[in-house]
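Scroll down for the structure; my scribbles are underneath it.
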Amino acid sequence: MSTTTLKKTALHHKHIQLGAKMVPFAGFEMPVSYSGVNDEHLTVRNAVGIFDVSHMGEFVIKGKQALDLIQLITTNDASKLVDKKVQYSCMTNDNGGIVDDLLVYRWSKTEYYLVVNASNIEKDWNWIKEHNTFDAEMQNISDELCLFAVQGPKAISTLQKLTNIDLSKIPYYCFEAGELAGVKDVIISNTGYTGAGGFEVYVWNKDAEKVWDAIMEAGKEFGIKPCGLGARDTLRLEMGFCLYGNDINDTTSPIEAGLGWITKFTKNFIAKDILLDQKEKGVQKKLVGFEMIERGIPRQHYKIQDHQGNTIGEVTSGTQSPSLNKGIGMGYVKTELSEPDTEIFIVIREKPVKAKVVKIPFLKK
């Protein structure tokens with residue numbers, strides 16, 4: 001895809017000014033790093049960083065049967081949500097593969113927001129629309145909203161300077177809406193993709209620059225830095241969070257991916273029977289975390305082998321962990337080789353390098 005056809009977020013010019021290295025990602029030109037992935041990663045783990053993740057998609061589902069539609073298309077039980085609560089979920093296709101993983105925000109009994117992955121906006125929209133035989137109205141507001149992830153132990157101190165909402169009273173996976181940095185209608189959500197704590201802030205495009213600048217100013221005393229997708233990837237991997245397109249896709253099921261905890265069989269949803277069968281009978285492959293015992297950095301698509309040199313799977317995500325200073329990764333292996341402490345080998349430059357299966361998250365709090 002040439003850069004002329006790439007979409008840009010409302011703050012594209014800001015990232016250029018800040019000297020970001022820009023790359024094509026999910027149809028957008030996005031900042032991958034500013035001061036360097038390791039530096040940004042450790043800034044988030046130890047203090048506070050801000051990510052522009054405005055490429056993510058947002059859909060409004062509202063109406064008398066909004067919940068009925070969400071219950072059919074998602075695996076988690078959205079009837080358990082109360083106002084201003086958020087739920088992690090996924091949508092499954094007719095074969096039990098994952099259409100996308102997403103967040104469901106409940107505003108009221110008749111209004112919800114779905115936050116979906118940038119690369120899947122069109123696919124998700126069409127999938128939901130195809131199944132909307134309910135009295136539910138759909139709106140795609142993806143191009144109208146900016147999303148900033150303010151993450152790290154100093155995120156709350158940074159943002160609290162800018163709002164009268166008591167951020168310490170927003171529980172994990174809950175949100176409030178109100179004024180931030182003198183801008184009205186801002187959503188402040190206690191969510192994130194780093195495991196470092198913090199908030200995700202949704203603002204209308206017209207207010208994006210004002211809010212970004214205010215957050216950067218408020219975080220100055222804590223050493224806030226802008227962070228790119230590179231650090232977002234290493235941070236989420238240390239927590240063992242799945243990345244769509246790497247660890248989960250249209251051919252992997254939530255049961256195989258270790259997402260049984262967001263798959264609730266107490267209600268009806270697409271491919272429920274297939275997944276129930278997998279849960280009861282077991283699956284042939286499982287997504288596992290592993291860490292390198294010998295030196296080496298695992299990368300996506302590297303082969304995973306057993307003792308005998310048989311290929312038993314492949315790496316879906318891998319990196320050198322900046323916090324742990326060792327190679328870590330995730331990948332699908334045969335179920336019988338998925339137990340923690342099982343010795344496996346990652347083929348790096350045609351050489352099998354010793355690793356072992358570990359329980360995720362890699363980074364224990």
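Under 19 Å from PHE148 (Cβ atoms), surrounded by fewer than 21 Cβ atoms within 10 Å (Cβ to Cβ) and touching a residue at least 12 places away in the same chain (Cβ under 8 Å): does that describe ASP250?
no
From the list GLN308, GLN278, GLN300, GLN320, exactly one residue is in a helix (DSSP H, G or I) and either at pLDDT below 95 or of a type in the set (S, T, N, Q) (or both). Which is it? Working first, answer last.
Details: GLN308 fails: in a helix (DSSP H, G or I); GLN300 fails: in a helix (DSSP H, G or I); GLN320 fails: in a helix (DSSP H, G or I).
Every option except GLN278 fails the conditions.
Give the stretch 194-235 a look and list any residue that's of a type in the set (Val, Ile, Thr) and part of a helix (DSSP H, G or I), or say none. Outline the logic, then answer.
Start the filter on the stretch 194-235 by keeping residues that are of a type in the set (Val, Ile, Thr), which leaves 194, 201, 203, 211, 215, 224, 234.
Across the stretch 194-235, the qualifying residues are VAL211, ILE215, THR234.
Could you give me the residue pairs with C-beta distances under 8 Å whose first residue belongs to the stretch 226-237 and is β-branched (Val, Ile, Thr), whose second residue is surrounded by 24 or more Cβ atoms within 10 Å (Cβ to Cβ) wherever it lies, and which are 6+ apart or on separate chains?
THR234/HIS41
Would you confirm whether or not the stretch 275-291 contains a residue that is at positive phi and either in contact with a strand residue (DSSP E or B) (Cβ under 9 Å, 6 or more places away or on another chain) or free of Cβ contacts under 8 Å to residues at least 12 places away in the same chain (or both)? Step through it out loud before you land on a result.
So the first thing to find is which residues in the stretch 275-291 are at positive phi, and the list is 282.
Adding the requirement that they be either in contact with a strand residue (DSSP E or B) (Cβ under 9 Å, 6 or more places away or on another chain) or free of Cβ contacts under 8 Å to residues at least 12 places away in the same chain (or both) leaves none.
Within the stretch 275-291 (the criterion being at positive phi and either in contact with a strand residue (DSSP E or B) (Cβ under 9 Å, 6 or more places away or on another chain) or free of Cβ contacts under 8 Å to residues at least 12 places away in the same chain (or both)), the answer is no, since none of the residues qualifies.
Mind checking which helices (runs of 4 or more DSSP H) fall wholly inside the stretch 59-168 and carry at least 3 residues that are free of Cβ contacts under 8 Å to residues at least 12 places away in the same chain? I'd like the intermediate steps shown before the answer.
Values: elements: 66-73, 121-130, 155-160.
In the stretch 59-168, the matching helices (runs of 4 or more DSSP H) lie at 121-130.
Taking the stretch 19-46 on its own, how many of its residues are crowded, with 20+ Cβ neighbours inside 10 Å, in a loop (DSSP other than H, G, I, E, B) and aliphatic (A, V, I, L, M)?
So the answer is 1.
If we scan the stretch 281-293, do we find a residue that is under 16 Å from the mean Cα position of the chain (by Cα), not in a loop (DSSP other than H, G, I, E, B) and not hydroxyl-bearing (Ser, Thr, Tyr)? It would help to see each step written out before you state the result.
First pass over the stretch 281-293, keeping only residues under 16 Å from the mean Cα position of the chain (by Cα): none.
Within the stretch 281-293 (the criterion being under 16 Å from the mean Cα position of the chain (by Cα), not in a loop (DSSP other than H, G, I, E, B) and not hydroxyl-bearing (Ser, Thr, Tyr)), the answer is no, since none of the residues qualifies.
Just to be sure before I move on: is GLN300 in contact (Cβ under 8 Å) with a residue 60 or more places away in the chain and surrounded by fewer than 21 Cβ atoms within 10 Å (Cβ to Cβ) in the structure I sent? Walk me through how you get there before you give the answer.
Details: in contact (Cβ under 8 Å) with a residue 60 or more places away in the chain: no; surrounded by fewer than 21 Cβ atoms within 10 Å (Cβ to Cβ): yes.
When the stated conditions are applied, GLN300 does not pass them.
Collect the residues in the stretch 20-37 that are charged (D, E, K, R) and either in contact with a Leu (Cβ under 8 Å, 6 or more places away or on another chain) or modelled with pLDDT under 95 (or both), keeping them in residue-number order.
Initial filter on the stretch 20-37 (charged (D, E, K, R)): 21, 29.
The one that is charged (D, E, K, R) and either in contact with a Leu (Cβ under 8 Å, 6 or more places away or on another chain) or modelled with pLDDT under 95 (or both): GLU29.
Given the criteria free of Cβ contacts under 8 Å to residues at least 60 places away in the same chain, over 30 Å from ILE128 (Cα atoms) and outside any loop (DSSP other than H, G, I, E, B), does ILE16 qualify? Step through it out loud before you land on a result.
Details: free of Cβ contacts under 8 Å to residues at least 60 places away in the same chain: yes; over 30 Å from ILE128 (Cα atoms): yes; outside any loop (DSSP other than H, G, I, E, B): yes.
Criteria met by ILE16.
Looking at the stretch 265-274, can you tell me whether even one residue there is closer than 30 Å to GLU176 by Cβ and either acidic (Asp, Glu) or part of a strand (DSSP E or B) (or both)? Show your work before the answer.
Within the stretch 265-274, the subset closer than 30 Å to GLU176 by Cβ is 266-267, 269.
Subsequent filtering for residues that are either acidic (Asp, Glu) or part of a strand (DSSP E or B) (or both) retains none.
Checked against the condition, which is being closer than 30 Å to GLU176 by Cβ and either acidic (Asp, Glu) or part of a strand (DSSP E or B) (or both), the stretch 265-274 yields no hits at all.
Condition check ((1) among the basic types (Lys, Arg); (2) touching a residue at least 40 places away in the same chain (Cβ under 8 Å)) across all residues:
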| residue | (1), (2) |
| --- | --- |
| PRO171 | no, no |
| VAL186 | no, no |
| GLY192 | no, yes |
| PHE199 | no, yes |
| LYS210 | yes, no |
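Going by the structure shown, is TYR173 closer than 29 Å to GLY245 by Cβ, surrounded by fewer than 18 Cβ atoms within 10 Å (Cβ to Cβ), touching a Phe, Trp or Tyr at 6+ places or on another chain (Cβ under 8 Å) and in the same structural domain as ALA47 (by TED's automatic domain parsing)?
Numbers: closer than 29 Å to GLY245 by Cβ: yes; surrounded by fewer than 18 Cβ atoms within 10 Å (Cβ to Cβ): yes; touching a Phe, Trp or Tyr at 6+ places or on another chain (Cβ under 8 Å): yes; in the same structural domain as ALA47 (by TED's automatic domain parsing): yes.
So TYR173 passes the test.
If the Cβ limit is 6 Å and pairs must be 6+ apart or interchain, which residue in the stretch 310-336 that is touching a residue at least 24 places away in the same chain (Cβ under 8 Å) pairs with which residue that is aromatic (Phe, Trp, Tyr) and surrounded by 19 or more Cβ atoms within 10 Å (Cβ to Cβ)?
Short answer, once both residue conditions are applied: GLY313/TYR332; VAL315/TYR302; ILE328/PHE362; GLY329/PHE290.
Does THR191 satisfy the criteria of being not basic (Lys, Arg) and not in a helix (DSSP H, G or I)? Steps first, answer last, please.
Values: not basic (Lys, Arg): yes; not in a helix (DSSP H, G or I): yes.
Here the answer is yes, as THR191 does meet what is asked.
I'd like the full set of residues that are closer than 12 Å to LYS62 by Cα and β-branched (Val, Ile, Thr), limited to the stretch 105-148.
Within the stretch 105-148, THR110 is the sole residue that qualifies.
Output yes when any residue across the stretch 122-129 is surrounded by 15 or more Cβ atoms within 10 Å (Cβ to Cβ) and polar (S, T, N, Q), and no when none is.
No, the stretch 122-129 has no match at all.
The values are calculated or read from the model by the stated rules, or taken from the named source; none is laboratory data. What you see is a predicted model; the values in this text were computed from it and never measured. Reconstructed Cβ throughout: ideal geometry from the backbone, glycine too, with neighbour counts over all protein chains shown.
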